[in-house]
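Heads up: the structure comes next, in C-alpha cells.
What follows is calculated from the coordinates using simple rules that are stated; it is not laboratory data. Please read all numbers here as calculations on a predicted model, not as lab measurements. We place every Cβ from the backbone using ideal geometry, glycine too, and count neighbours over all the protein chains shown.
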Amino acid sequence: MNLSKNASCWQPFKELNILTVPSQYILSVLLFHTKNKDQFKTNSQMHKIATQQTFDLYIPAANLPIYQKGVDYQGIKICNHLPKTTKDLSCDKNKLKLTLKRYLLRNSFYNLKKYFETYLY
C-alpha cells in the first residue's frame, strides 16, 4: 500500500484487519470485564426497581476526573454500551471475542468518544 504520510489509516486498517489502539483497548477491557463479572455489581443488586438497565453494570458515583478516566470506570461504561444481544454472548467467550473483534474491525475507532457516539442497537 502506497500511502502518503498525511493519509488516513482508517481504510487500510479495515482492509488489513488491524485494530486501532483505542479498539484494542476496548476489546481488552470488555474481555477483562466479562472474565471478572463477579467483581462488578449490577444495577439490580444496587436497586430494587426494575428498569431497562437492570442487568447493566452499576456505575459508582465519582467526582474525581482522574477516577472517571480510569480503567474501572471507563470499562463499566464500555460494557454497558454493548447491545443486549452481545452481552448475552458472555457465556461463550470465543463467540463473544469474535463478535467484538468483527465489530471493532468494521468501525476502526480512533477514540472512545466515537465508540460511545455509535448507536449499537
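Laid out as a table, the results:
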| read-out | value |
| --- | --- |
| Positive dipole terminus of region 18-117, leading residue within VAL71, TYR115, ASN36 (C-beta point charges) | TYR115 |
| Fully extended contour minus Cα-Cα distance, from LEU31 to THR85, at 0.36 nm per residue | 17.9 nm |
| LEU16/LYS77 FRET efficiency (R0 30 Å; Cβ-Cβ; nearest 0.05) | 0.55 |
| All lysines inside 17 Å of LYS93 as judged from Cα atoms, apart from same-chain residues fewer than 8 positions distant | LYS35, LYS37, LYS84, LYS101 |
| Whether region 52-118 is rounded, prolate or oblate, judged on the alpha carbon gyration tensor where a/c under 1.5 counts as rounded | oblate |
| Spacing of the two label points (7 Å from each Cα toward its C-beta) at ALA62 and LYS97, in nm | 2.6 |
| Gyration tensor verdict on the chain (Cα atoms; rounded if a/c is under 1.5, prolate if a/b is larger than b/c, oblate otherwise) | prolate |
